[in-house]
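Scroll down for the structure; my scribbles are underneath it.
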Amino acid sequence: MLKDLPNFKVEEIAIAVVQDKNEKAEKIWNVYIINLKNKKIESVLVTSKGYGSIEGEEVKTSTLRHFLEDVPAQTFLKIEPIMDSLFGLHNEYWLSFFLDGVMYDKKYVFLAESIKEEHLVNIPLMHKKGVMIL
């Protein structure tokens, strides 16, 4: 039954929270999808939400949905900006896409307080600093 179903594992697709600068050269944060594959992914849908507690009070953000159409091979696309005031929450990104006619999905969760300066790494393809889940 379940063991007979194929296991389509998402590989070489990352979500990253990246430090950018706005037009006033102020530090801002944006969330990106990074396609490290050598093939494009199609019909990309990302839902995002935040949840957790701040100062002992349960908090939930709105759920946002983003349709990105296709993400070409070896490229990245911006999903959304994110305010640093939300870094105290768990930030969840649920990704669905098609590759070679097969639908894939994966949940990426940036745990509360995991998006910090000391956790920044070089993000592939972007040449910027951020926190990435592969």
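Restricting attention to region 94-125, the residues that are out of contact with any strand residue (DSSP E or B) (no Cβ under 6 Å at 6 or more places or on another chain) and hydrophobic (A, V, I, L, M, F, W, C) add up to 3. Taking region 71-87 as the range and being more than 18 Å from Leu99 (Cα to Cα), β-branched (Val, Ile, Thr) and part of a strand (DSSP E or B) as the test, only Ile79 passes.
Looking for whichever is out of contact with any helix residue (DSSP H, G or I) (no Cβ under 8 Å at 6 or more places or on another chain), loosely packed, with under 12 Cβ neighbours inside 10 Å and either among the small types (Gly, Ala, Ser) or modelled with pLDDT of 95 or more (or both) here; the options are Gly101, Gly88. Which one fits? Talk me through it step by step, then tell me what you get.
Details: Gly88 fails: loosely packed, with under 12 Cβ neighbours inside 10 Å.
Exactly one residue qualifies, and that residue is Gly101.
Applying the condition of being among the polar types (S, T, N, Q) and more than 16 Å from Val10 (Cα to Cα) to region 74-85 and asking which residue is modelled with the highest pLDDT yields Thr75. When region 104-133 is filtered for residues that are part of a loop (DSSP other than H, G, I, E, B) and surrounded by 17 or more Cβ atoms within 10 Å (Cβ to Cβ), the ones remaining, listed by number, are Ala112, Ile115. Mind checking whether some residue in region 109-116 is at pLDDT below 95, touching a Phe, Trp or Tyr at 6+ places or on another chain (Cβ under 8 Å) and closer than 13 Å to Val31 by Cβ? Within region 109-116 (the criterion being at pLDDT below 95, touching a Phe, Trp or Tyr at 6+ places or on another chain (Cβ under 8 Å) and closer than 13 Å to Val31 by Cβ), the answer is yes, since at least one residue qualifies.
For region 1-47, a residue qualifies if it is among the small types (Gly, Ala, Ser), closer than 15 Å to Pro72 by Cα and either surrounded by 15 or more Cβ atoms within 10 Å (Cβ to Cβ) or at pLDDT below 90 (or both), and exactly one does: Ala14.
The values are calculated or read from the model by the stated rules, or taken from the named source; none is laboratory data. Predicted model, so just to flag it, every value in this text is computed and none were measured. No Cβ is skipped: glycine too gets one built from the backbone with ideal geometry, and neighbour counts run over all protein chains shown.
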